[in-house]
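The values are calculated or read from the model by the stated rules, or taken from the named source; none is laboratory data. Every value quoted in this text rests on a predicted model; they were computed, and no experiment measured them. Backbone-built Cβ (ideal geometry, glycine too); neighbour counts: all protein chains shown.
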Amino acid sequence: MKVKAALYFVIVLAMIVFICGGVYVAFTNGYIRLNYPSSKDYPVQGIDVSHHQQKIDWAGLDREKVQFAFIKATEGGDHKDSMFRFNWREARDNKILSGAYHFFTFCKGGKEQARNYIHYVPRDSMDLPPVIDLEYGGNCSPANRKEDLIAEIAGYFEIVEDHYQRKALIYTTNEFYKNYLQNQFPDNPVWIRNIVSKPDLPDGRGWLFWQFSNRGRIDGISTLVDLNVFNGSREKFERLLLKKPG
């Protein structure tokens, strides 16, 4: 009896390990995810991309899943994304509404980074607001961070918003928002990353975009890609975001 019980336990354990392993592989490779926002609730869907997505077949993208695209343009004080010009041109040629984002480096001055962005991103071809990416991942070490990040971010906004005549959109994570952005920059809309559940910001603030997966799969893109939705109807999307500077 003991031998049979031990054998049964081993078999069950092996099955559990096999199933968990399969789920993990499926999740990490983008075949399953934790969030599935419905097109009924969020009819406007899109992606965000950078050089990590390599060469995208923009003409082959599913236009229901990719109604807009945020494209990485710059990072820090002088870095330019190697695929920005290609992605920017192809998105526009294929009539996919586009916006450009800047990865904000905590160890560089905000105004220096703003100048890097405005010198690279065309002012008259932006459908969506300029975006600042604020997150810990991939950033500089705490020892090198500017003492007052909020002041540096404010300096960035001052230059970028004056240049494009639009309020910048803040992309951020739950962790960074909780630590730095609560009750800060209330006039700037938020694009929040939450790959686990529907966003709920700690200060009750609303959000405009939601990055609900960082491992999406879309025809025309050979790598995994970030998936996003807009919080509202198509009419609201057009009314609020398609206002270009005069």
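Quick notes on this one:
- Some residue of the stretch 233-246 being crowded, with 19+ Cβ neighbours inside 10 Å, in contact with an Asp or Glu (Cβ under 9 Å, 6 or more places away or on another chain) and modelled with pLDDT of 95 or more: no
- The set of residues in the stretch 128-146 that are acidic (Asp, Glu) and surrounded by fewer than 19 Cβ atoms within 10 Å (Cβ to Cβ) contains only 135.
- First in the stretch 109-135 and at positive phi and at pLDDT 95 or above, second anywhere and basic (Lys, Arg) and surrounded by 24 or more Cβ atoms within 10 Å (Cβ to Cβ), Cβ under 9 Å, 6 or more apart: none
- Look at (1) surrounded by 13 or more Cβ atoms within 10 Å (Cβ to Cβ); (2) closer than 19 Å to residue 101 by Cα and you find that residue 187 fails only one, number (1).
- Sole residue being within 15 Å of the chain's Cα centre (by Cα), aromatic (Phe, Trp, Tyr) and surrounded by 14 or more Cβ atoms within 10 Å (Cβ to Cβ), chosen from 70, 86: 70
- Extreme residue, farthest from residue 97 (Cα to Cα), among residues of the stretch 39-53 that are assigned to a strand (DSSP E or B) and of a type in the set (A, V, I, L, M): 49
- Given (1) more than 19 Å from the chain's Cα centre (by Cα); (2) closer than 28 Å to residue 51 by Cα, number of the condition residue 168 does not satisfy: (1)
- Checking residue 111 against (1) buried (at least 18 other Cβ atoms within 10 Å of the Cβ); (2) farther than 30 Å from residue 63 by Cα, the condition it does not meet: (1)
- Out of 197, 213, 222, 233, one residue alone is among the hydroxyl-bearing types (Ser, Thr, Tyr) and within 15 Å of residue 70 (Cα to Cα). It is 213.
- Number of the condition not met by residue 95 [criteria: (1) touching a residue at least 40 places away in the same chain (Cβ under 8 Å); (2) surrounded by fewer than 17 Cβ atoms within 10 Å (Cβ to Cβ)]: (1)
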